Amino acid sequence: MAVAGIDVGSLSAEVVIMESGKVLAAVIVPTGSNSRTAAEKAMKEALALSNLRMEDLTALIATGYGRINVPFIAERVTEITCHARGAHFWDPNVHTVIDIGGQDSKVIRLNDKGGVVDFAMNDKCAAGTGRFLEVMAQALEVELDQLAVLSAGATRTVKISSMCTVFAESEVVSLIAEGLPREDIARGLHQSIADRTAGLAKRVGLEEKVMITGGVAKNRALVRALEEKLQTAIIIPLDDPQIAGALGAALIAAEI
């Protein structure tokens, strides 16, 4: 029996279709200005990849920021639960999940079965999220996927005093105007996110193993900064870390 999980975030929508515990298709599309349209597009592409029709799916779970806008008949589960289940599927020994998404960041502590024991979340502002990095990349005049490369060339860390995205952007512009190397500023930005994430981890209680999920997991400079701050190795999923929520949703759908 085929099931699906759909995770509609502020920056991207992901769909995972599974059957008999195996992933048949995983699709990621930009959310854009319409989360409903993004959900439809992602589902259409995933069904095509798996050679299935909508009526072939026996269950569908929706999660994420835009889960209320999913146009299909689906049950809804929080992204906290879904990311926990997705991470546990990838590695049952993981007990802490760091998820840095487009508009929020969270640290989740798991039990041995992948259930949520506790979590801490920053959803009040874009500080320490993918959106924060996106704005900072624009200020540094580099593509988002080049921010980690820029940071790797740093010789020192420039401290970024503000975590508010608006004020931090102004601070970065001022630092550039002062002639400070963009590489050092980039490292400082990654360090500031690591500091904020470590604060969330402290509230929850960090337990090894640790895995990072969400699109920001692809930024190796940030992962290294987190490892240094938390003094532990962090697992990056071999599969695309962006699909963690949709994967977890599909796993829950398979239990219905």
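Derivation of every value follows stated rules applied to the coordinates shown; laboratory data play no part. The shown structure was predicted, so the numbers you read here are calculated from the model rather than taken from an experiment. All Cβ positions, glycine included, derive from the backbone under ideal geometry; neighbour counts span all protein chains shown.
Ranking CYS82, LEU226, GLY205 by how far each Cα lies toward the positive end of the dipole of the chain (charges on Cβ) leaves GLY205 at the top. The length gained on full extension between GLU169 and MET121, counted as 0.36 nm times the residue separation minus their Cα-Cα distance, comes to 15.0 nm. Here the residues LYS106, LYS159, ranked from fewest to most Cβ neighbours within 10 Å of their Cβ, fall in the order LYS159, LYS106.
When only DSSP loop residues count, what trypsin sites (Lys or Arg not before Pro) in segment 6-79 have their Cβ near at most 11 other Cβ atoms within 10 Å? Display every interim value, and only then the final one.
Values: sites: LYS22, ARG36, LYS41, LYS44, ARG53, ARG67, ARG76; in loops: ARG53.
Those satisfying the criteria are ARG53.
Comparing ILE73, ILE61, ILE98 in a Gaussian network model of the chain where C-alpha atoms under 10 Å apart are linked, the largest mean-square fluctuation is found at ILE73.
Where does each of MET43, MET1, MET211, MET163 land when they are ranked from fewest to most other beta-carbon atoms within 10 angstrom?
MET1, MET163, MET43, MET211
Placing +1 on each Lys and Arg Cβ and -1 on each Asp and Glu Cβ, with no other charges, gives segment 25-150 a dipole about its Cα centre of roughly 340 debye. Helix-only arithmetic for the chain: the sum of -39500 (n - 2.57) across DSSP H runs with n ≥ 4, divided by the residue total, places the mean residue ellipticity at 222 nm at -12500 deg cm²/dmol.
Rounded to the nearest 20 debye, the dipole size of segment 101-256 about its Cα centre is 380 debye, using +1 on the Cβ of Lys and Arg and -1 on the Cβ of Asp and Glu.
Dipole size of segment 216-256 about its Cα centre, with +1 on Lys/Arg Cβ and -1 on Asp/Glu Cβ: approximately 220 debye, rounded to the nearest 20.
Just grab the label-to-label distance for ARG53 and GLN138, each label 7 Å out from Cα along the Cβ direction, in nm (one decimal). My value for the distance between the label points is 4.4 nm. Note on the chain: with a GNM built from Cα contacts shorter than 10 Å, the maximum mean-square fluctuation among LEU24, LEU140, LEU238 falls on LEU238.
Could you tell me which GluC sites (Glu not before Pro) in segment 145-212 are loop residues by DSSP with no more than 10 other beta carbons within 10 angstrom of their beta carbon? Intermediate results must be reported in sequence, preceding the final value.
Values: sites: GLU169, GLU171, GLU178, GLU183, GLU207, GLU208; in loops: GLU178, GLU207, GLU208.
Answer by residue number: GLU178.
Residue separation of THR232 and ASP112 scaled by 0.36 nm, minus their Cα-Cα distance, works out to 41.3 nm of gained length.
With the Cα gyration tensor of segment 120-240 giving a ≥ b ≥ c as the square roots of its eigenvalues, does the rule (a/c under 1.5 for rounded; else a/b larger than b/c for prolate; else oblate) give rounded, prolate or oblate? Before the final figure, lay out the partial values.
Values: a/c = 1.77, a/b = 1.52, b/c = 1.17.
Prolate.
What the phi angles of segment 231-241 give under the Karplus curve with 6.51, -1.76 and 1.60, with θ = phi - 60°, is a coupling list of 6, 7, 6, 10, 7, 9, x, 5, 6, 4, x Hz, glycine and proline written as x.
Please say if segment 50-200 is rounded, prolate or oblate, where rounded means a/c under 1.5 for a ≥ b ≥ c the square roots of the C-alpha gyration tensor eigenvalues, and otherwise the choice is prolate for a/b larger than b/c and oblate otherwise? Prolate, because a/c is 1.5 or more and a/b exceeds b/c. When the C-alpha to C-alpha distance is required to be over 25 Å, the pairs from LYS44/LYS113; LYS159/LYS209; LYS22/LYS229; LYS41/LYS113; LYS159/LYS218 that qualify are LYS44/LYS113; LYS159/LYS209; LYS22/LYS229; LYS41/LYS113. Run the paramagnetic zone check for VAL149: 7 angstrom along Cα to Cβ, then residues of segment 209-239 with backbone nitrogen under 16 Å. Of the residues in segment 209-239, 218-222 have backbone N under 16 Å from the label point off VAL149.
Give me LEU247, LEU230 sorted ascending by neighbouring Cβ count inside 10 Å, so fewest comes first.
Working: LEU247 28, LEU230 20.
The order, fewest Cβ neighbours first, is LEU230, LEU247.
Along the axis of the charge dipole computed for segment 1-79 (Cβ charges of +1 for Lys and Arg, -1 for Asp and Glu, origin at the Cα centre), the listed residues ASN51, GLY32, SER12 are led at the positive end by GLY32.
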